[in-house]
Amino acid sequence: MQIHRFRTQAHQAHELTQVLRDAVTGSGVREGALIASIPHTTAGLAVLSWPDPLGLEDVMDELRRLVPTRIDFKHQHDTPQDAAAHIQSALVGVSLSLIIHDGALQLGHSQGVFFLEFDGPRDRQIHMQIIPMQEESDG
């Protein structure tokens, strides 16, 4: 397993595409899968379109609109913002499985992998496990 550590800003999308691509390249795996996971309950992991940064802002804004910070959440471990972030994280998810083919991560031309910070700023990490595809035997 590989771990990449980074620092986020509050309520922003942080691109991790190159980090995942570098992990695949460094592994030497030609065919297989990359599983990416984050050990955080106030963040999410998603494949989004990267060419227009305003699109990333729209995603973050819409998640805050769908689950706004409010004081009537039943659970408030730290703050009402923390409770809203837990729900946003549950909606988006904290892991991705991506295909590796011919030694490259298979993403569309406008797709990127993004860490979505619903709280922050914070020190964060992503865990990556690369699984090679087993060769078929001719037997």
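For region 109-123, check the following and say yes or no: at least one residue is without any contact (Cβ under 8 Å) to a residue 60 or more places away in the chain, of a type outside the set (A, V, I, L, M, F, W, C) and either assigned to a loop (DSSP other than H, G, I, E, B) or closer than 17 Å to residue 14 by Cβ (or both). For region 109-123, residues without any contact (Cβ under 8 Å) to a residue 60 or more places away in the chain, of a type outside the set (A, V, I, L, M, F, W, C) and either assigned to a loop (DSSP other than H, G, I, E, B) or closer than 17 Å to residue 14 by Cβ (or both): present. Answer with yes or no whether residue 130 is at pLDDT 95 or above, assigned to a strand (DSSP E or B), touching a Lys or Arg at 6+ places or on another chain (Cβ under 9 Å) and of a type in the set (A, V, I, L, M, F, W, C). Against the criterion (at pLDDT 95 or above, assigned to a strand (DSSP E or B), touching a Lys or Arg at 6+ places or on another chain (Cβ under 9 Å) and of a type in the set (A, V, I, L, M, F, W, C)), residue 130 does not qualify.
Taking region 40-66 as the range and being within 15 Å of residue 87 (Cα to Cα) and not hydrophobic (A, V, I, L, M, F, W, C) as the test, the residues that pass are 40, 41, 42, 44, 61, 62, 64, 65.
The conditions of being of a type in the set (A, V, I, L, M, F, W, C) and within 13 Å of the chain's Cα centre (by Cα) are not met by residue 73.
Taken over region 30-54, the criterion of being within 17 Å of residue 124 (Cβ to Cβ) and either at pLDDT below 95 or not in a strand (DSSP E or B) (or both) is satisfied by 38, 39, 40, 41, 42. Within region 42-67, residues that are exposed (fewer than 12 other Cβ atoms within 10 Å of the Cβ) sit with their Cβ atoms under 8 Å from residues that are modelled with pLDDT of 95 or more and not in a helix (DSSP H, G or I), at 6+ positions apart or across chains, in these pairs: 51/110.
The values are calculated or read from the model by the stated rules, or taken from the named source; none is laboratory data. Just so it is clear, the model here is predicted, and its values are computed rather than measured. With ideal geometry, Cβ positions are generated from the backbone for all residues, glycine too; neighbour counts draw on all protein chains shown.
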